[in-house]
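Single-structure report; data block below.
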Amino acid sequence: MKQEVRTAIVLGGVIAVGLAIASIALTTLDSEPAPVATAGEGSGASQAAPAVDKSRFKTAPDLAGIAHYLNTTPEELEAKIGDSVVLYDIWTYSCINCLRTLPYITAWDEKYADQGLLIIGVHSPEFEFEKDVDNVQRAVEKHGIAYPVVLDNDWETWDAFENRYWPRKYVADHEGYIRYDRIGEGGYQETERVIQMLLAERAEALGVQAAAAEPLVDIDEFQHTAFRTPELYFGYYFAQNRNNLGSSEGFNPGQTIEYERPGSVEHNKFYMVGTWTNGRDGMSLPDGEEDGSVLLRYSAKEVNIVTAGAGVIRVLVDGAPISPDIAGHDVDPDTGLITTDEPRLYNVVSAESSSTHELELQVDNGGGFEIFTFTFG
């Protein structure tokens, strides 16, 4: 083989190897994810955060169809949104899952409001009574909510977010891009780290001093039991595709029905006893009807009901007055009674661990008593 040919072959091989190495290096660079700032990292505070490609994020929609503003005005709220990091909390005040998240959200408001975090409670009601601004105002005061709350009574903002759940938290950065989305309870540490990260991004973008990394909010999280009775609805509309009414008389939309006491009670089903009117949202004792009962065989450590109207409820567990050691927060431990005086959620059973029992609620109608749902934990 001629010397020129050998030289060409060797040179070609060197070039091929060089191209292969370069190709591998470029491929490796392309496959590595871009670094993301993590809240609480100390050594990176003096370094510029890498640019975030926001092309894949949606922007938060404008608030729409708001019936009432609490703790703010429309003008004030619009100005506050400006360049704030915004946590949109979609909730409703009789939802137990929503209520369990509130201690974290109010703590974040207190901790980060001065650093550029704005929390907006978007109150999208499940039941008609939750549209009443006075009812929502009482709930806001009861739970110590100081941040703005807007009443999304016709679900226009709910629809703008394309939401389908209570509760749901969206966190938007200072430019309005939704950077985090959390459905339901939990994920509190993850959510707070996102808040810290976005506040750090905001501080750098605005050229203001970023706050030093802080410990995360430390609140005991409610521990759900693995196997528990599902949520049960008393309204014929809400019970569609999830009908757990065990009474043989069944649902009769818009009608007042005499329900007979059952011979036996099936697990995870509720039974009405007495004369009850079937409503869209719930079942009510008609005017002049003094009493009625609800029977249920459940598995859980916590039982809640949502009711409206005046009434006194005697709570029986396995045929006996409820024991003080499992009586819920709204049960008088001395009498085993719940007095319903406003439309809201009432805690009936609160035990240390899950177990199965037969529950009976004997209702003495004080006027317009209505029951909407059972929830469990």
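Details
Condition check ((1) of a type in the set (A, V, I, L, M, F, W, C); (2) surrounded by 19 or more Cβ atoms within 10 Å (Cβ to Cβ); (3) assigned to a strand (DSSP E or B)) across all residues:
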residue: V294; (1), (2), (3): yes, yes, yes
residue: E302; (1), (2), (3): no, yes, yes
residue: V315; (1), (2), (3): yes, yes, yes
residue: D334; (1), (2), (3): no, no, no
residue: T339; (1), (2), (3): no, no, yes
residue: S354; (1), (2), (3): no, no, yes
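- If you check G235, G246 for being surrounded by 14 or more Cβ atoms within 10 Å (Cβ to Cβ), at pLDDT 95 or above and touching a strand residue (DSSP E or B) at 6+ places or on another chain (Cβ under 6 Å), only one passes: G246.
- As for the stretch 84-107, it holds at least one residue that is modelled with pLDDT of 95 or more, among the small types (G, A, S), farther than 30 Å from T375 by Cβ and not in a helix (DSSP H, G or I).
- Filtered by the rule that a residue be buried (at least 16 other Cβ atoms within 10 Å of the Cβ) and in a helix (DSSP H, G or I), the stretch 183-192 gives Y188, T191, E192.
- Within this structure, Y271 fails the test of being out of contact with any strand residue (DSSP E or B) (no Cβ under 8 Å at 6 or more places or on another chain), more than 24 Å from L102 (Cβ to Cβ) and of a type in the set (F, W, Y).
- The set of residues from the stretch 108-132 being within 26 Å of I371 (Cα to Cα) and assigned to a loop (DSSP other than H, G, I, E, B) comprises S124, P125, E126, F127, D132.
- When Q223, Q240, Q209, Q255 are screened for being modelled with pLDDT of 95 or more and surrounded by fewer than 16 Cβ atoms within 10 Å (Cβ to Cβ), only Q255 passes.
- Conditions (1) touching a strand residue (DSSP E or B) at 6+ places or on another chain (Cβ under 9 Å); (2) of a type outside the set (V, I, T); (3) more than 28 Å from T375 (Cβ to Cβ); (4) not in a helix (DSSP H, G or I): number failed by A213: (1)
- Residue that is farther than 18 Å from N347 by Cα and free of Cβ contacts under 8 Å to residues at least 12 places away in the same chain, where the choices are G319, G279, G288: G288
- Sole residue being of a type in the set (S, T, N, Q) and in contact with a helix residue (DSSP H, G or I) (Cβ under 9 Å, 6 or more places away or on another chain), chosen from N97, N163: N163
- Boolean, E352 is within 25 Å of the chain's Cα centre (by Cα) and in the same structural domain as G279 (by TED's automatic domain parsing): yes
- When the criteria are applied in full, F129 meets the requirement of being among the aromatic types (F, W, Y), over 14 Å from K80 (Cα atoms) and in contact with a helix residue (DSSP H, G or I) (Cβ under 9 Å, 6 or more places away or on another chain).
- For the stretch 133-164, a residue qualifies if it is assigned to a loop (DSSP other than H, G, I, E, B) and in contact (Cβ under 8 Å) with a residue 24 or more places away in the chain, and the qualifying residues are H143, G144, I145, A146, Y147, P148, D152, N153, D154, W155, F161, N163.
The values are calculated or read from the model by the stated rules, or taken from the named source; none is laboratory data. Being a predicted model, the structure only gives us computed values, none of them experimental. Cβ: placed from backbone, ideal geometry, glycine included. Neighbour counts: every protein chain shown.
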